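The values are calculated or read from the model by the stated rules, or taken from the named source; none is laboratory data. Note that the coordinates shown come from a computational prediction; the quantities given were computed from them, not determined experimentally. As a convention, Cβ positions derive from the backbone with ideal geometry for all residues, glycine included, and neighbour counts pool all protein chains shown.
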Amino acid sequence: MLSRLFRDFQGDVVAIPGRLIALIFFVLLFLVPAFIQQPYILRMLIFTNMFVIFAVSWDFISGYTGQMNFGHALFFGVAAYATAFLNRGDGLGPGWPIWVTIPIGALVAVVAGVIMCLPALRLRGTYLALVTLAFPLILMGVIFANTEFTGGELGISGIDRIADSRTAEYYVSLVVMLVSVLIMWKLTDSKSSFIRTGIIMHAIREDEIAARASGINTIRYKLFAFAVGGFFAGIAGGMYAHFLRIASPSTLDITLSFQAIIWTVFGGITSIYGPVVGTYILYPLTESLRFISEYRLLIFAVLIILILLFMPEGIAVWIRDKIERECPRCKLTNVSWRHTCRACSADLY
Amino acid sequence: MIEGIIVQTLLKGSVYALLALGFALIFGVARVLQLSHTAFYMLGAYGLFIFADAAYLGLNPILAAIISIILTTGIGLAVYKLCIDRVREHHVTVMLITLAVAMVFQQVMLIIFSGQYRSAPSFATGYWEILGVRVAYQNFLVFAGAGIVLLIIWALISRTRLGIAIRATAQDTEIANLMGINVSTILFTVMGVASALAAIAGVLVAPTVVLDPAMLWPPFVMVMAIITLGGLGSVKGSVVGAFIIALVETLVVFLLPAGAFLKGAFALLVMIIVLIFRPEGLFGVVFEEERL
């Protein structure tokens with residue numbers, strides 16, 4: 001049993017450089033608090049973990065099913081406000097503990113996602129992008145108009161922390177991030193023999209009419225994608241609100257929606273690990289550029305234009321194509337500096 | 001109050017019509033959403049400020065307006081050549097790139113002029129009193145200027161060879177190409193016309209509003225709602241839609257408490273309702289491949 005597990009580990013993780021790098025990276029992430037104690041860096045990494053969930057959930061919805069969602073901040077903001085409302089103990093909300101409010105907030109975000117999906121069932125491409133763009137903006141107007149209930153520009157403040165110490169908060173965010181990314185990665189795995197969603201979502205993106213003709217209820221799967229993606233974006237939003245101890249209108253901001261897209265496109269769309277890489281590179285980078293804050297957004301925007309023009313597949317996919325090569329005969333992934341396949345010894349060139 | 005609503009609607013509507021028309025022209029011909037469109041409106045307004053303000057160059061306002069419009073058109077054409085042209089086929093990429101372009105312009109203006117509110121010198125001072133509402137000469141100028149430009153564009157599209165080529169390209173790019181129309185030249189021309197329209201709107205409005213680099217976002221939302229209401233890519237629809245949305249906005253601001261926050265929400269609500277129940281808009285055509 002143990003030896004078989006070890007053999008699987010050797011064949012499926014160590015032999016594939018991309019997975020080996022991912023494994024080493026996550027082990028290092030677990031060891032970070034042992035070496036780095038500066039609250040500033042831990043805080044930055046906690047934000048990165050939350051935004052990884054957010055970006056990956058955008059990739060799950062839009063990258064995999066091809067339904068362009070330009071208002072992903074809707075889930076984030078709805079969940080942030082829902083958790084803050086359920087957690088506040090000042091008489092307006094029920095004052096529930098954090099372990100209840102975050103999942104329920106995420107479920108509220110799922111409901112929002114399904115409502116948003118209703119037009120998405122009929123619209124595609126540009127039209128869908130316009131509708132999804134509109135929802136967070138509408139909600140923002142409502143929040144600013146009802147100041148006594150939502151706090152207006154100040155938001156709902158004074159809610160509980162995630163944990164008592166910065167290190168504990170870091171581990172909570174890291175574990176939640178790992179579990180969420182793993183679940184979404186398995187759900188989109190198109191080679192899996194027992195989960196069909198991955199291959200079906202690929203089919204919907206490539207040709208929805210053909211997928212329908214093959215007997216797939218595409219509407220059901222699009223709803224599924226919006227619900228799951230909305231749930232995880234909601235988890236990220238709830239954690240964000242509890243970490244900052246405030247739910248503010250900036251969680252619905254149009255720039256937040258676009259940051260999810262930018263991180264994903266930078267790392268590599270339709271790949272799950274792409275947004276992880278993209279967020280871990282871009283978010284700490286832009287955070288550390290705070291001292292030239294007026295140039296930060298400018299650099300960011302120019303970077304996006306350059307990436308989209310010259311490296312449209314994204315940086316993670318670009319690197320993966322450099323270090324991995326698929327065997328033409330048995331479709332097994334090999335290190336790119338091998339000349340023959342490790343399983344069937346076919347020529348790799 | 002009714003007089004106030006009418007005057008406000010006409011003013012807002014004519015500015016929105018100029019902006020939405022350019023947007024609709026680009027969408028009609030290239031079938032891409034050029035999201036940096038209102039950035040050119042902002043650039044046009046700032047151009048007037050730079051060239052006409054006494055603290056900077058202090059030129060005659062009319063001359064400054066012309067220079068500003070020409071410069072902004074040049075910037076629009078450069079953006080098209082450098083960023084949009086090579087990814088034109090990928091609609092989502094175009095949306096992302098043009099949004100990034102809008103952010104670049106906003107940040108550059110923020111760095112040069114900081115976030116301070118500024119105002120451009122006006123072309124004419126004074127006001128007329130109509131039906132008890134004071135209407136500044138500048139506002140008449142906005143309305144008249146927009147009307148003249150809209151007439152010119154209408155004549156250009158319906159009466160000239162270029163207009164025929166534009167309409168043919170909008171109808172079917174490939175067939176237009178087979179008929180000997182140089183599609184990329186048409187796209188280039190339309191991009192220039194659209195940028196010029198946005199710049200004209202900016203120049204006309206600049207003396208009546210406060211200038212700040214974030215001024216491109218409120219009309220951005222409104223223009224989205226307008227072109228969907230009028231039918232994506234429809235020129236007539238964008239002008240009619242502009243006045244309808246302007247009326248909705250003015251009514252919300254005048255009649256509802258906290259209406260200033262809700263005007264965008266109402267316009268977008270109109271857009272969503274139109275998209276769900278009549279996706280082709282008021283005057284649009286149904287594109288089979290874009291719906292399911």
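A:ILE195 passes every criterion in (1) closer than 30 Å to A:ILE21 by Cα; (2) not in a loop (DSSP other than H, G, I, E, B) apart from (2).
Only one entry of B:MET191, B:MET215 meets the criterion of being assigned to a helix (DSSP H, G or I), buried (at least 22 other Cβ atoms within 10 Å of the Cβ) and out of contact with any Leu (no Cβ under 8 Å at 6 or more places or on another chain), and that entry is B:MET215. Selection of segment A:316-335 for residues being surrounded by 14 or more Cβ atoms within 10 Å (Cβ to Cβ) and either of a type in the set (Ser, Thr, Tyr) or part of a loop (DSSP other than H, G, I, E, B) (or both) yields A:CYS327, A:LEU332, A:THR333. Per the conditions (1) more than 14 Å from chain B (Cβ to nearest Cβ); (2) assigned to a helix (DSSP H, G or I); (3) among the small types (Gly, Ala, Ser), the sole criterion not satisfied by A:GLY278 is (1). The residue of segment A:239-261 that is farthest from B:VAL92 (Cα to Cα), among those that are within 15 Å of the chain's Cα centre (by Cα) and within 14 Å of another protein chain (Cβ to nearest Cβ), is A:LEU256. Of all the numbered requirements in (1) part of a helix (DSSP H, G or I); (2) in contact (Cβ under 8 Å) with a residue 12 or more places away in the chain; (3) touching a helix residue (DSSP H, G or I) at 6+ places or on another chain (Cβ under 6 Å); (4) not basic (Lys, Arg), A:LEU298 misses one, and that requirement is (2). Only a single item in (1) free of Cβ contacts under 8 Å to residues at least 24 places away in the same chain; (2) buried (at least 18 other Cβ atoms within 10 Å of the Cβ); (3) of a type outside the set (Ser, Thr, Tyr) is not met by A:GLY95, and it is number (2). The set of residues in segment B:221-248 that are free of Cβ contacts under 8 Å to residues at least 60 places away in the same chain and under 13 Å from the mean Cα position of the chain (by Cα) comprises B:VAL221, B:MET224, B:ALA225. Scanning segment B:184-208 for residues that are of a type in the set (Val, Ile, Thr) and more than 16 Å from the chain's Cα centre (by Cα) gives B:THR185, B:ILE186, B:THR189, B:THR208.
Just the residues that are assigned to a helix (DSSP H, G or I), over 22 Å from the mean Cα position of the chain (by Cα) and not basic (Lys, Arg), please, taken from segment B:138-164. Residue satisfying the conditions is B:ILE164 alone. Just wondering, is there one or more residues in segment A:78-91 that are surrounded by fewer than 21 Cβ atoms within 10 Å (Cβ to Cβ) and either within 30 Å of A:ALA203 (Cβ to Cβ) or touching an Asp or Glu at 6+ places or on another chain (Cβ under 6 Å) (or both)? Among the residues of segment A:78-91, not one is surrounded by fewer than 21 Cβ atoms within 10 Å (Cβ to Cβ) and either within 30 Å of A:ALA203 (Cβ to Cβ) or touching an Asp or Glu at 6+ places or on another chain (Cβ under 6 Å) (or both), which makes the answer no. Checking each residue in segment A:203-256 for being buried (at least 17 other Cβ atoms within 10 Å of the Cβ) and on the phi > 0 side of the Ramachandran plot picks out no residue at all.
Does A:THR264 count as assigned to a helix (DSSP H, G or I), farther than 20 Å from A:PHE60 by Cβ, of a type in the set (S, T, N, Q) and within 14 Å of chain B (Cβ to nearest Cβ)? It is false that A:THR264 is assigned to a helix (DSSP H, G or I), farther than 20 Å from A:PHE60 by Cβ, of a type in the set (S, T, N, Q) and within 14 Å of chain B (Cβ to nearest Cβ).
Does at least one position in segment B:103-124 carry a residue that is among the β-branched types (Val, Ile, Thr) and more than 27 Å from A:GLU294 (Cα to Cα)? No, segment B:103-124 contains no residue that is among the β-branched types (Val, Ile, Thr) and more than 27 Å from A:GLU294 (Cα to Cα).
For A:PHE266, the conditions (1) over 11 Å from the mean Cα position of the chain (by Cα); (2) closer than 22 Å to A:GLY230 by Cβ; (3) buried (at least 22 other Cβ atoms within 10 Å of the Cβ) all hold with the exception of (2). Of all residues in segment A:271-298, count the ones that are closer than 28 Å to A:MET201 by Cα, surrounded by 17 or more Cβ atoms within 10 Å (Cβ to Cβ) and aliphatic (A, V, I, L, M). Qualifying residue count, segment A:271-298: 4. Anything in segment A:133-159 that is more than 12 Å from chain B (Cβ to nearest Cβ), within 28 Å of A:ILE115 (Cβ to Cβ) and outside any helix (DSSP H, G or I)? List them, or say none. Within segment A:133-159, A:GLY151, A:LEU154, A:GLY155, A:ILE156, A:SER157, A:ILE159 meet the criteria. Selection of first residues in segment A:10-36 that are acidic (Asp, Glu) and of second residues that are at pLDDT below 90, restricted to Cβ pairs under 8 Å at least 6 apart or on distinct chains, gives the following pairs, ordered by first then second residue: A:ASP12/A:ARG19. For the subset of segment A:98-107 comprising residues that are surrounded by fewer than 22 Cβ atoms within 10 Å (Cβ to Cβ) and aliphatic (A, V, I, L, M), which member is nearest to the other protein chains (Cβ to nearest Cβ)? Restricting to residues being surrounded by fewer than 22 Cβ atoms within 10 Å (Cβ to Cβ) and aliphatic (A, V, I, L, M), the top hit is A:LEU107. Among the candidates B:TYR56, B:TYR41, B:TYR80, the residue that is aromatic (Phe, Trp, Tyr) and over 30 Å from A:PHE70 (Cβ atoms) is uniquely B:TYR56.
Only one of these is touching a residue at least 60 places away in the same chain (Cβ under 8 Å) and within 14 Å of chain A (Cβ to nearest Cβ): B:VAL108, B:VAL142, B:VAL94, B:VAL87. Name it. Only one candidate passes the filter, namely B:VAL94.
Consider segment A:170-202 and keep the residues that are modelled with pLDDT of 90 or more and polar (S, T, N, Q). The one that is surrounded by the most Cβ atoms within 10 Å (Cβ to Cβ) is A:SER173.
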